[in-house]
Each structure stands twice: as C-alpha cells, then as structure tokens.
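Student: The structure is given below, and queries will be raised subsequently.
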Amino acid sequence: MKTIRSAVAIATLSLMAGCANLQGQTQEPGPDVEQLLSNQTQALTAALEQQCQGYEDQTLAITALSAQVETLQGQVQGMQAKPQPAKVECPKVNPASPIGDKMVLGEVERVFVQETGMAFETRVDTGAESSSIDAQNITLFERDGKQWVRFDVSNREGDKAEPKTVEARVVRTAQIKKGAADGMQERPVILARLKLGSYVAETELNLNDRSHLDYPLLLGRKFIKDIAVVDVSRKHVQTPNEPKGTQ
C-alpha cells in the first residue's frame, strides 16, 4: 500500500515538473495545458487507486486463507494427539448363567425323579405340553378309596438298567392325542418331585411306553414355563446334582 501511494506521489511530482518546464517555454495556441495536466493526473490517480484497491482485496483474501489453513492445521494436530479408545473385550459368559430370572436349559438335561430314586437323561421339548416318563407294566389299583398305579421304570444306564417297580397315586387321567389314525389315548398321571441342577419342583408326569424313544423322560412346557429358556444347540447345561445313595 505504501509503495503504491509513493508511486502516485512520484507521478504527481513528475507532472508538476513537466508543468514547470512548460511554463519556461513559449506556449502555442491550443488546449489549456494546465487543464490537460490536471485531467491526466486525475486519470493516473484513479488508475493507481483501483490497483491499490485490488491489492488490498487480494491481501484480505490471502489473510483469510492463511487463517483457515492455521485452523485446519490445529484440528489435524488435535486429532493426531487425541488418545485412541481402549479396546473393549466382552466378558466371558457362563452358559449356565441365568437370563434375567430364568435359568438356561440344553436340549438334553439330567433330571432326578424322587419317586423313582433315579436320574434320567431327559429330552427338553418345548413342543410338548406335558411331561412324560417311560413306564412298563402299568397296573391301576385302589388304595384307601383313591386310585393308584404300579409300574416298572428304568433309566437304561448300564448296571442301573434293572427295572424298578414304583407305586404312586394317580392325580388324574390325561387324554393324549396320538395322531389322526390312532385317536385319543388315556394315560394315568402322577405327581412327581423333580430335581434339575439346583432347581427342585413338583410336576405332573404321564405314564407312557417310551421304550422306542431315545430318552426315558421328557420335560414339556408346563415344567419349563416361567422358570427356564432352552438353548437347543447345547446339552447338559445344568450341572447334575443327584442326592447321594441314588441309583
């Protein structure tokens, strides 16, 4: 800016010097020399001021860009200095841990039935409503005016496979639909006390010939409902906890 203003001053002085030289010379008829010099001075001054304004605009633009560059550099430095988040590892979960207030069961669990004194490999089936136990030689009889049932049961395990005769009171007779061709089947139902892991509860067991099935005991929805969820991809999630002295 100062350089441009100095140029304007030098140009003006040059014009004034020219005027002084002209004053010492004989002027011939023509346009007014003073007016001509004045017009030229004004035109030159206007041109220089226009250039000066352009220079100032460029200077402001460069200053603004410099400020933006400094801001971006500061942001980059801040990002580089920002500490990286710590690696988060999910805690290992015990598959037998409860989900909410419900325990987890596998597709197959080991269940102790107090009335039989034996533990059974048990199929956990959410598709079945009621629970059932493999019973052979089922015989109904009356005791003290109540209906009872006598049956043989085995857990099918090695030396423990010897059948055991059990007697229990019949609490009701269940109507079970076997299929469209077979129609309805009547089964005596007893009340049994089951132990699964640390959980103990009474439930109804209908007596049925399950010798053609893989598991002698089946747990249905009535036992599972409200107390457990089933993970069909696992087996024996709950640790067996059989009373001492059982077969």
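The values are calculated or read from the model by the stated rules, or taken from the named source; none is laboratory data. Predicted, not measured: the structure shown is a model, and the values here were computed from it. Here the Cβ positions follow ideal geometry from the backbone for every residue, glycine too, while neighbour counts run over all protein chains shown. When the accessible area is computed, the model is the full protein with side chains, heavy atoms only, and any ligands, DNA or RNA have been set aside. Shrake-Rupley method; radii C 1.70, N 1.55, O 1.52, S 1.80 Å.
Student: Being touching a Leu at 6+ places or on another chain (Cβ under 9 Å), outside any strand (DSSP E or B) and buried (at least 16 other Cβ atoms within 10 Å of the Cβ) is the filter here; which residues of the stretch 103-125 pass it?
Tutor: GLU115, ASP125
Student: Could we say that GLU129 is closer than 21 Å to HIS212 by Cα, at pLDDT below 95 and either among the acidic types (Asp, Glu) or in contact with a His (Cβ under 6 Å, 6 or more places away or on another chain) (or both) here?
Tutor: On the way: closer than 21 Å to HIS212 by Cα: yes; at pLDDT below 95: yes; either among the acidic types (Asp, Glu) or in contact with a His (Cβ under 6 Å, 6 or more places away or on another chain) (or both): yes.
Here the answer is yes, as GLU129 does meet what is asked.
Student: Does LEU207 qualify as being open to solvent by 70 Å² or more (accessible area, probe 1.4 Å) and modelled with pLDDT of 95 or more?
Tutor: no
Student: So, THR173, is that one open to solvent by 20 Å² or more (accessible area, probe 1.4 Å), touching a residue at least 24 places away in the same chain (Cβ under 8 Å) and within 23 Å of LYS222 (Cβ to Cβ) or not?
Tutor: Details: open to solvent by 20 Å² or more (accessible area, probe 1.4 Å): yes; touching a residue at least 24 places away in the same chain (Cβ under 8 Å): no; within 23 Å of LYS222 (Cβ to Cβ): yes.
Answer is no for this residue.
Student: Ok, one more. Any idea which residue in the stretch 141-161 is modelled with the lowest pLDDT, counting only those that are open to solvent by 70 Å² or more (accessible area, probe 1.4 Å) and either over 55 Å from the mean Cα position of the chain (by Cα) or closer than 20 Å to LEU217 by Cα (or both)? First the steps, then the outcome.
Tutor: First pass over the stretch 141-161, keeping only residues open to solvent by 70 Å² or more (accessible area, probe 1.4 Å): 142-144, 146-147, 150, 156, 159-160.
Then keep just the ones that are either over 55 Å from the mean Cα position of the chain (by Cα) or closer than 20 Å to LEU217 by Cα (or both); that gives 142-144, 146, 150, 156, 159-160.
Values: GLU142: 95, ARG143: 94, ASP144: 93, LYS146: 94, ARG150: 97, ARG156: 87, ASP159: 63, LYS160: 56.
Restricting to residues being open to solvent by 70 Å² or more (accessible area, probe 1.4 Å) and either over 55 Å from the mean Cα position of the chain (by Cα) or closer than 20 Å to LEU217 by Cα (or both), the top hit is LYS160.
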